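Enquirer: Pasting a structure here, questions to come.
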Amino acid sequence: MKNQLTLALSALLVLSSCDFKKEESKTEAKEEVQSKAVTTAILLNANLASEASLLGAGLSQEVVTEIMNERPFLAFESFVEVLGASSDLDAVFTKVFVPLNINDTAEDTFKLIPGVGDRMAHEFEEYKPYVNLNQFRKEIGKYVDEQEVARLEQYIFVPIELNTAQEDDIKNLPGVGSKMTHEFLEYRPYENMAQFNKEIGKYVDEAELSRLARLVYLH
């Protein structure tokens with residue numbers, strides 16, 4: 001009887017160990033990403049932030065002046081170039097960033113987002129092309145909690161198709177509020193980007209127009 005009890009306990013321990021390993025494997029991706037998570041904070045968009053806000057983020061006056069002079073940054077690499085090789089990019093990117101077009105950004109570039117390692121960069125890549133921000137929230141929400149998704153979405157944007165995008169998808173673009181969303185919708189259908197530039201150019205200057213054009217496309 002004693003031997004039978006011992007064997008039964010041994011079998012139970014083996015089964016428990018197997019179940020634990022399965023659960024551990026199942027949650028490995030989530031745990032790896034969460035271990036890299038950075039506390040949620042308002043991220044400054046280098047193309048939109050005020051000079052005072054950029055200085056408050058710890059950037060030097062020299063760098064801030066160059067940012068103000070060179071923006072809008074239509075390519076993320078241009079922003080990195082302005083920061084300079086001596087900058088602590090990891091520290092800067094927790095406070096200031098230029099949102100990445102999630103549908104045409106290379107997987108390695110996603111790793112520049114604080115808290116994003118190989119595994120999460122792969123998940124960003126896997127679900128391309130994203131049709132809207134809600135899809136990003138749904139897919140990435142499989143791996144991290146709602147707070148972390150909110151933090152990550154500050155670093156990206158999902159470009160919209162001018163003639164078919166929903167109103168909420170337009171409002172989700174960086175720096176596009178209700179008023180500009182109304183203007184986007186008013187001139188539909190757009191025949192080409194030249195028409196977009198003409199119509200939206202009535203409301204913003206050339207620099208802002210070029211920033212907005214980066215966020216949209218036409219089929």
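Enquirer: For the stretch 103-122, give me each residue that is among the β-branched types (Val, Ile, Thr) and touching a Leu at 6+ places or on another chain (Cβ under 9 Å). Walk me through how you get there before you give the answer.
Expert: Step one: of the stretch 103-122, the residues among the β-branched types (Val, Ile, Thr) are 105, 109, 113, 116.
Those that are among the β-branched types (Val, Ile, Thr) and touching a Leu at 6+ places or on another chain (Cβ under 9 Å): Thr109, Ile113, Val116.
Enquirer: Could you tell me which of the residues Ala46, Ala57, Ala41 is in contact (Cβ under 8 Å) with a residue 40 or more places away in the chain, touching a strand residue (DSSP E or B) at 6+ places or on another chain (Cβ under 7 Å) and of a type in the set (Gly, Ala, Ser)? Show your work before the answer.
Expert: Numbers: Ala57 fails: in contact (Cβ under 8 Å) with a residue 40 or more places away in the chain; Ala41 fails: touching a strand residue (DSSP E or B) at 6+ places or on another chain (Cβ under 7 Å).
After ruling out the rest, the residue left standing is Ala46.
Enquirer: Are any residues in the stretch 170-202 in a helix (DSSP H, G or I) and within 20 Å of Val98 (Cβ to Cβ), and if so, which ones?
Expert: Residues of the stretch 170-202 that are in a helix (DSSP H, G or I), as a first pass: 170-171, 178-186, 193-200.
Residues satisfying the conditions are Ile170, Lys171, Met180.
Enquirer: If a residue has to be charged (D, E, K, R), farther than 13 Å from Leu152 by Cβ and either modelled with pLDDT under 95 or in contact with a helix residue (DSSP H, G or I) (Cβ under 6 Å, 6 or more places away or on another chain) (or both) to count, how many in the stretch 120-137 make the cut?
Expert: Start the filter on the stretch 120-137 by keeping residues that are charged (D, E, K, R), which leaves 123, 125-126, 128, 137.
Then drop every residue that is not farther than 13 Å from Leu152 by Cβ, which leaves 125-126, 128.
Going one step further and asking which of them are either modelled with pLDDT under 95 or in contact with a helix residue (DSSP H, G or I) (Cβ under 6 Å, 6 or more places away or on another chain) (or both), we end up with 125.
The total comes to 1.
Enquirer: Just a yes or no: is a residue in the stretch 83-91 surrounded by 18 or more Cβ atoms within 10 Å (Cβ to Cβ), in the same structural domain as Leu54 (by TED's automatic domain parsing), assigned to a helix (DSSP H, G or I) and modelled with pLDDT of 95 or more? Working first, answer last.
Expert: If we filter the stretch 83-91 for residues that are surrounded by 18 or more Cβ atoms within 10 Å (Cβ to Cβ), which is where we start, we get 83.
Next, only the ones that are in the same structural domain as Leu54 (by TED's automatic domain parsing) stay: 83.
Next, from what is left, pick out any that are assigned to a helix (DSSP H, G or I): 83.
Adding the requirement that they be modelled with pLDDT of 95 or more leaves 83.
Within the stretch 83-91, one or more residues are surrounded by 18 or more Cβ atoms within 10 Å (Cβ to Cβ), in the same structural domain as Leu54 (by TED's automatic domain parsing), assigned to a helix (DSSP H, G or I) and modelled with pLDDT of 95 or more.
The values are calculated or read from the model by the stated rules, or taken from the named source; none is laboratory data. Just so you know, these numbers come straight off a predicted model, no measurement behind them. Ideal geometry is used to build each Cβ from the backbone, glycine not excepted, and the neighbour counts take in all protein chains shown.
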